[in-house]
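First up is the structure itself, then whatever we jot down about it.
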Amino acid sequence: MITPRTDHLIDLALEEDLSLGDLTSRAIFPPRHRSRAVIEARASLVICGLEVAARVLTRVDPALRVRPLVADGARVRSRQPVLRVAGPTASLLAAERTALNFLQRLSGIATLSAAYAAAVAGTGVRVVDTRKTIPGWRALEKAAVRCGGCCNHRSSLGEHVLIKDNHIAAAGSIGRAVAAARAAAPHVARVEVEAGSLAQVRAAVTAGAEVILLDNLTPTQVAAAVRLIAGRARVEVSGGITLGNIREYALPGVDVISVGALTHSVPAADLSLEIIEA
């Protein structure tokens with residue numbers, strides 16, 4: 001999870017929070033003052049981002065000694081410690097908020113992803129994320145999705161062809177858009193077409209799409225589309241998917257359900273840092 005980009009994100013976050021230093025902690029605690037602390041869960045959750053939180057702490061001060069107590073992807077209970085840290089008190093407190101920001105965001109994504117994965121258990125359908133991520137955070141957020149047991153859709157526009165509504169509108173038809181994409185894209189690139197109606201599903205099948213994305217259809221309409229596709233393409237479903245209705249969409253013949261909510265509107269997980277000895 002730690003890459004040069006992650007380090008860059010951490011540095012940006014620390015610059016944002018500590019460009020003028022930590023006036024309060026430096027005023028109260030001399031450099032020799034030491035403390036021990038734990039980060040603990042305040043609710044049942046799936047933990048993710050411990051390596052990033054540890055990196056934040058040691059980036060602020062290499063003298064901080066950090067020990068994760070569980071592994072990313074673990075389900076932890078309320079009040080369970082997930083990480084211990086010891087060292088200069090002022091440094092520990094200066095790093096606290098930034099470390100928690102990363103950990104709470106990534107654990108929130110992992111926890112929600114675990115709920116979606118559980119909701120389709122036994123159906124054979126894969127739940128995947130989207131590109132609706134915080135700019136710069138995509139690799140971390142997609143790692144958190146995997147921590148929770150879901151899968152990743154494309155990470156960038158260059159991974160495969162996905163012809164959406166605006167591509168179709170500008171090209172004039174699904175057939176024209178698919179033909180142009182096939183002529184220009186690498187021969188190994190699969191072509192996926194978004195379809196918002198049964199008429200568009202027919203056009204996508206006729207054009208030879210390898211994957212058809214059924215967007216904002218009802219479960220009844222999805223079932224009809226699956227019958228129409230009849231195994232000639234893989235089937236993805238998206239739009240309006242919630243924990244309450246996802247199992248209705250996990251119908252025979254559906255391969256993938258994409259859920260933007262895994263990253264774009266997930267609540268932060270409840271974790272806190274507590275001093276246990278000073």
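The values are calculated or read from the model by the stated rules, or taken from the named source; none is laboratory data. Just so you know, these numbers come straight off a predicted model, no measurement behind them. Glycine gets a Cβ as well: all are built from the backbone with ideal geometry, and neighbour counts include every protein chain shown.
For region 107-133, the candidate set comprises residues that are of a type in the set (V, I, T) and touching an Asp or Glu at 6+ places or on another chain (Cβ under 9 Å); within that set, the residue that is surrounded by the most Cβ atoms within 10 Å (Cβ to Cβ) is I109. Any idea which residue in region 252-278 is nearest to R42 (Cα to Cα), counting only those that are part of a strand (DSSP E or B) and either free of Cβ contacts under 8 Å to residues at least 60 places away in the same chain or over 21 Å from the mean Cα position of the chain (by Cα) (or both)? Ranking the qualifying residues of region 252-278, first place goes to S272.
To keep it simple, each residue is scored yes or no on (1) closer than 22 Å to L162 by Cα; (2) aliphatic (A, V, I, L, M).
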{"site": "V222", "(1), (2)": "yes, yes"}
{"site": "L228", "(1), (2)": "yes, yes"}
{"site": "R232", "(1), (2)": "yes, no"}
{"site": "E236", "(1), (2)": "yes, no"}
{"site": "G240", "(1), (2)": "yes, no"}
{"site": "R247", "(1), (2)": "no, no"}
{"site": "P267", "(1), (2)": "no, no"}
{"site": "L273", "(1), (2)": "no, yes"}
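Scoring Q221 on the criteria (1) surrounded by 17 or more Cβ atoms within 10 Å (Cβ to Cβ); (2) more than 30 Å from R75 (Cα to Cα) leaves a single failure, condition (1). Screening R42, R34, R77 for residues that are closer than 17 Å to E274 by Cα and in contact with an Asp or Glu (Cβ under 7 Å, 6 or more places away or on another chain) leaves exactly one candidate, R42. Looking at region 230-251, is at least one residue loosely packed, with under 14 Cβ neighbours inside 10 Å, under 22 Å from L112 (Cα atoms) and free of Cβ contacts under 8 Å to residues at least 24 places away in the same chain? The answer is yes; a qualifying residue exists.
Scan region 69-88 for residues that are surrounded by fewer than 21 Cβ atoms within 10 Å (Cβ to Cβ) and more than 24 Å from the chain's Cα centre (by Cα) and report the count. Summing the residues that are surrounded by fewer than 21 Cβ atoms within 10 Å (Cβ to Cβ) and more than 24 Å from the chain's Cα centre (by Cα) in region 69-88 gives 4.
Let's see how each residue does on (1) modelled with pLDDT of 95 or more; (2) of a type in the set (D, E, K, R); (3) not in a helix (DSSP H, G or I):
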position: T6; (1), (2), (3): yes, no, no
position: L9; (1), (2), (3): yes, no, no
position: A13; (1), (2), (3): yes, no, no
position: D17; (1), (2), (3): yes, yes, no
position: P30; (1), (2), (3): yes, no, yes
position: E40; (1), (2), (3): yes, yes, yes
position: A43; (1), (2), (3): yes, no, yes
position: C48; (1), (2), (3): yes, no, yes
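If you go through region 61-97 and pick out every residue that is closer than 18 Å to R42 by Cα, among the hydroxyl-bearing types (S, T, Y) and part of a helix (DSSP H, G or I), you end up with 0.
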